[in-house]
Every structure is written in C-alpha cells, then in structure tokens.
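Colleague: Mind looking over this structure? Questions follow.
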Amino acid sequence: MTNTPFGPEDMARRKKRAIALALVLGGLVVLFFVTTLVRLGSAVAERSF
Amino acid sequence: MSDINAQISETPAASLGGQGSVADYFALLKPRVMSLVIFTAFVGIIAAPGSIHPWLGFVALLAIAVGAGAAGALNMWYDADIDAVMKRTSKRPVPKGTITPQEALGFGMTLAAGSVLVLGLLVNWLAGALLAFTIFFYIAIYTMWLKRLTPQNIVIGGAAGAFPPMVGWVSVTGSIDLGSIALFLIIFTWTPPHFWALALWKKINADYTNAGVPMLPVVAGADETRRQILIYTLILIPVTLLPALIGTVGLFYTLANVGLGAVFLYYAWRVYRLREGAEAEAACKKLFGFSTLWLFIVFALILAERALGLPLFAPVFG
C-alpha cells in the first residue's frame with residue numbers, strides 16, 4: 001500500500017477537497033432541515049404521539 | 001492486488017486525477033458568469049408577482065447558481081480541446097491538467113442533478129424542469145452542437161444565459177408568465193451585440209480562428225459583424241421596454257432605459273462606423289464594457305423600483 005504516485009502535496013489537496021465536500025454535505029443537511037421547517041410552518045409542532 | 005498496486009505506482013499521478021485543488025473546482029463553476037446569473041435570477045424572483053418565503057427564495061437562488069456552475073463545468077469538460085488552443089481559456093483547470101476531463105464531467109453532472117433536484121423538491125418542479133432545460137440547452141444545444149457549427153452559435157445559445165431570471169420568476173409563481181418572457185428576451189437580444197463586440201477584438205478573434213470556432217467575425221468578417229451588432233442593438237432597445245407594457249416596471253425604469261438605450265446605440269454606432277486601427281478596437285472594447293454595465297443597470301433598475309416602492313404601469317397586455 002506504500003506504492004503510491006501521490007506525494008504529500010497531493011494528499012494535502014485531497015484533504016482540503018474532503019473538508020470542502022464535508023462542508024457542502026453538512027450545508028445540504030441544514031438546507032433540507034430548515035426548508036422542512038419553513039414548508040411545514042406552524043404545523044411542525046403538531047405531532048400526535 | 002500487488003500487480004494493481006505496482007501498476008498504479010508506475011502511472012503518473014496527473015493521469016490518475018485527484019490533482020485539483022478546491023480553487024480549481026471553484027474555477028470550473030465559471031464564478032464570473034455565475035455572479036451574473038445569481039443577480040438576474042434574483043431580479044426574476046423580486047420582479048415576479050406574488051411572494052415567496054425568503055428562505056425558499058434563497059434556496060431557489062442557490063440552486064440556480066449551482067445549476068449555472070454545473071453548466072460551466074460541463075462546458076469546460078466538453079470544450080477542453082478548444083480551451084487549450086485559446087490564450088484566453090488555456091489556464092482553465094482542464095487544459096492546465098489539474099483536473100481531468102472525467103473529473104470535470106462527474107463534477108458537472110453531480111451538481112446539475114443536485115441543483116435540479118433541490119429546486120424541484122424544495123421550491124417547485126416547473127422551476128426545476130426549467131433549470132434542467134437551461135443546463136441541457138447550454139451543454140447539448142450550444143456547447144456540443146451550435147458552437148462548432150454555425151456563426152449563429154451565440155444568437156441561439158444566448159437563450160441559455162437568458163433563462164435564469166425566468167427560472168427565478170417561476171420559482172415564485174410556479175408558471176411562465178409574459179413578464180418572465182420579457183426578462184428572457186432582454187438578455188436574449190443583448191447577448192449578440194455583447195459577445196460580438198468581444199469577438200471583434202483582434203486577439204480574441206485570433207483565438208477563435210486558431211481554435212476553428214465559427215464566430216461571426218471569423219466566418220462572415222468584421223464588417224458584417226458590425227452591421228449585425230447595430231441591427232441587434234436596434235432590436236434590443238424596444239425589447240427593453242416590453243416589461244413596461246406588461247406592467248412589470250414603471251416610469252422610472254422606462255425613462256432610464258430610454259437614456260441607456262441611446263447610449264448603447266451610440267457605442268454600437270461607433271463600432272459600426274470605425275472600421276480600422278486602434279480607434280476601431282477601442283470602440284469594440286467600449287461597447288463590450290458598456291454592454292456589461294448596461295445589463296447590470298437595467299436589472300438593477302427593476303430592483304430599485306421595488307425597493308423604493310415606486311408605482312408600476314398598468315399592464316397593456318398580459
């Protein structure tokens with residue numbers, strides 16, 4: 001597994017890309033969550049247990 | 001496994017991909033084009049009759065922006081051969097080698113699907129479908145077909161850049177109304193004089209010639225291009241006033257646009273009259289610069305009218 005053409009710089013760029021992707025995915029979660037609240041409006045609190 | 005490892009280790013890293021930085025991927029989105037798309041789509045959202053929850057308006061704008069970025073990335077995937085030949089575009093991530101064409105394709109398709117799904121699921125499906133059609137039009141109709149085929153490439157292809165305000169409008173209303181078509185027509189008729197003014201620059205013209213892209217100045221010559229710029233400008237000025245007939249704008253927009261149209265016509269006339277030397281080149285640069293500003297001001301006027309609460313005209317039709 002040590003045979004790799006990728007140097008330390010490549011790995012550093014990969015790490016930054018991974019962080020950016022994680023942020024985008026986190027943002028999507030927030031986007032869908034808040035939109036659900038907005039779309040449901042006051043009905044979001046109406047739950048029957 | 002060891003054979004595969006050995007094979008990978010002998011392959012140059014660049015050809016394996018994974019070389020692109022976050023900035024390279026951001027460049028794939030054509031951020032300058034994206035900023036204009038965001039602005040015109042925002043005006044579409046504000047100008048549309050009715051209202052949308054501010055958060056949903058933000059979601060719509062985000063999806064439209066990402067959709068525009070996806071179109072940019074797919075364009076850079078398909079046009080990498082042309083981009084490599086042209087000085088203006090040779091530093092883009094794909095011809096530069098930092099992102100492989102396959103990576104650009106995957107990135108663009110993911111963003112395209114994601115933006116359409118987000119707009120469709122979270123806002124409305126007509127807006128989502130229109131965004132999907134916009135991306136399809138820009139890639140399949142303009143980039144893959146018309147761009148390399150006909151000097152009318154940017155006339156028809158310009159529709160792709162004209163859709164964003166309509167998508168914004170439809171995000172609010174859920175329907176394609178005359179007002180949204182008027183905003184579409186403004187950008188549609190603005191595109192030819194804007195891009196042909198750029199294409200007339202000597203170094204840009206040389207770029208297109210080297211790449212074999214049949215832009216109008218390359219195929220029909222500079223004189224014919226100057227004539228077409230003037231004709232499209234004469235069409236553009238009345239088109240700019242269409243929103244007044246539909247009741248999308250008021251007196252402030254209309255009067256300001258009469259003045260702006262006159263200045264646009266003046267610059268187009270200078271391009272038409274000055275054919276040779278540095279003066280002619282300068283006239284093209286001035287028209288290109290002014291036309292960029294012109295589009296921004298025209299759409300900003302619509303925003304200003306809404307922000308100031310100025311009265312709108314009663315619709316003559318629509």
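Colleague: Specify which residue in the list B:Val170, B:Gly106, B:Leu56 is farthest towards the positive end of the charge dipole of the range B:21-176, using unit charges on the beta carbon of Lys, Arg (+1) and Asp, Glu (-1), about the Cα centre.
Modeller: Selected residue: B:Gly106.
Colleague: Round to the nearest 0.05 the FRET efficiency obtained for B:Ile176 and A:Ser48 when R0 = 51 Å and r is the Cβ-Cβ distance.
Modeller: Calculated value: 0.80.
Colleague: Still on this structure, I have one more. What are the membrane-span-like helices in chain B by this rule: whole DSSP H runs, Cα extent along the axis at least 15 Å, mean Kyte-Doolittle hydropathy at least 1.6?
Modeller: In chain B, the long hydrophobic H runs are B:31-47, B:125-136.
Colleague: Moving to a separate point now. Averaged across orientations, what area in nm² does the convex hull of the alpha carbons in chain B project?
Modeller: 18.3 nm²
Colleague: Near A:Lys16, within a Cβ-to-Cβ distance under 12 Å, what is the net charge of the other residues, with Lys and Arg +1 and Asp and Glu -1?
Modeller: My count for the surroundings of A:Lys16 gives +1.
Colleague: Here is a follow-up. Find the Cα radius of gyration of the protein assembly as shown, compare it with 2.2 N^0.38 Å by division, and give the number to two decimals.
Modeller: 1.12
Colleague: Now for a different question. About its Cα centre, how strong a charge dipole does chain B have in debye, to the nearest 20, once Lys and Arg get +1 and Asp and Glu get -1 at the Cβ?
Modeller: Once rounded to the nearest 20, the dipole reads 760 debye.
Colleague: If you don't mind, another one. Would you calculate, for the protein assembly as shown, the mean residue ellipticity at 222 nm contributed by helices, counting each DSSP H stretch of 4 or more residues as -39,500 (n - 2.57) and dividing by all residues, to the nearest 500?
Modeller: Calculated from helices alone, the mean residue ellipticity at 222 nm is -24500 deg cm²/dmol.
Colleague: Quick one: among B:Leu105, B:Leu236, B:Leu293, which has the greatest mean-square fluctuation in a GNM of chain B with alpha-carbon springs under 10 angstrom?
Modeller: Between B:Leu105, B:Leu236, B:Leu293, it is B:Leu293 that shows the largest mean-square fluctuation.
Colleague: Here's a follow-up. Using a Debye calculation, one point per C-alpha and no hydration shell, please list log10 I(q)/I(0) for the range B:21-176 at q = 0.16 Å⁻¹ in order.
Modeller: -0.83
Colleague: Compute the Rg to Rh ratio over the range B:127-179 from the alpha carbon atoms, using the Kirkwood formula for Rh, and round to two decimal places. Walk me through the numbers before you get to the answer.
Modeller: Working: Rg = 12.2 Å, Rh = 11.5 Å.
With Rg and the Kirkwood Rh in hand, the quotient comes to 1.06.
Colleague: Note down the relative contact order for the range B:14-69 as a percent, whole number, built from C-alpha pairs under 8 angstrom at least six residues apart.
Modeller: Computed over the range B:14-69, the figure is 54 percent.
Colleague: What is the sum of charges around B:Val22, taking Lys and Arg as +1, Asp and Glu as -1, for the other residues whose C-beta is under 10 Å from the C-beta of B:Val22? The partial results should precede the final answer.
Modeller: Details: positive: A:Arg13, A:Lys16, A:Arg17; negative: B:Asp24.
Net charge around B:Val22: +2.
Colleague: Which entries of A:Lys16/B:Lys202; A:Lys15/B:Lys147; A:Lys15/B:Lys203; B:Lys30/B:Lys286; A:Lys15/B:Lys87 show an alpha-carbon separation above 29 angstrom in the structure shown?
Modeller: Details: A:Lys16/B:Lys202 40 Å; A:Lys15/B:Lys147 37 Å; A:Lys15/B:Lys203 39 Å; B:Lys30/B:Lys286 23 Å; A:Lys15/B:Lys87 32 Å.
From the list (A:Lys16/B:Lys202; A:Lys15/B:Lys147; A:Lys15/B:Lys203; B:Lys30/B:Lys286; A:Lys15/B:Lys87), the Cα-Cα distance tops 29 Å for A:Lys16/B:Lys202; A:Lys15/B:Lys147; A:Lys15/B:Lys203; A:Lys15/B:Lys87.
Colleague: Sticking with this structure for a sec: Note the angle between two axes, namely the Cα long axis of helix A:8-40 and the longest principal axis of the Cα atoms of chain A, as a number of degrees from 0 to 90, rounded to the nearest 10.
Modeller: Once rounded, the angle reads 10 degrees.
Colleague: For chain A, report the % of Cα-Cα distances exceeding 17 Å.
Modeller: Tail of P(r) above 17 Å: 60 percent of Cα pairs.
Colleague: So how far, in whole Å, is the C-alpha centre of the range B:110-140 from the one of the range B:230-304?
Modeller: 31 Å
Colleague: Relative contact order of chain B: what whole-number percent is it, with Cα pairs under 8 angstrom and at least 6 residues apart?
Modeller: Across chain B, relative contact order equals 18 percent.
Colleague: Here's something else I'd like to know. In what sequence do A:Phe6, B:Phe317, B:Phe42 fall when counting other Cβ within 10 Å, fewest first? List each step's numbers first, then the result.
Modeller: Values: A:Phe6 15, B:Phe317 7, B:Phe42 21.
Starting with the residue having the fewest Cβ neighbours, the order is B:Phe317, A:Phe6, B:Phe42.
Colleague: May I pose another question? Which of B:Ala68, B:Ala41, B:Ala304 moves most in a GNM of chain B, Cα contacts under 10 Å?
Modeller: Highest fluctuation among the options: B:Ala304.
Colleague: Could you give me D for the range B:177-318, from Stokes-Einstein at 37 °C and 0.692 mPa s, where the hydrodynamic radius is the Kirkwood radius over C-alpha pairs? Units µm² s⁻¹, please.
Modeller: My calculation gives 206 µm²/s for D.
Colleague: In a shell of Cβ-Cβ distance under 15 Å around B:Pro54, excluding B:Pro54 itself, what net charge do Lys and Arg (+1) and Asp and Glu (-1) give?
Modeller: Residues close to B:Pro54 contribute a combined charge of +2.
Colleague: Connecting C-alpha atoms closer than 10 Å in a GNM of chain B, tell me which of B:Gly161, B:Gly247, B:Gly72 has the biggest fluctuation.
Modeller: Most flexible of the set in this elastic network: B:Gly247.
Every read-out reported here was derived from the displayed coordinates using simple, explicitly stated rules and does not represent laboratory data. Predicted, not measured: the structure shown is a model, and the values here were computed from it. Glycine also receives a Cβ, built like all others from the backbone with ideal geometry; neighbour counts cover every protein chain displayed.
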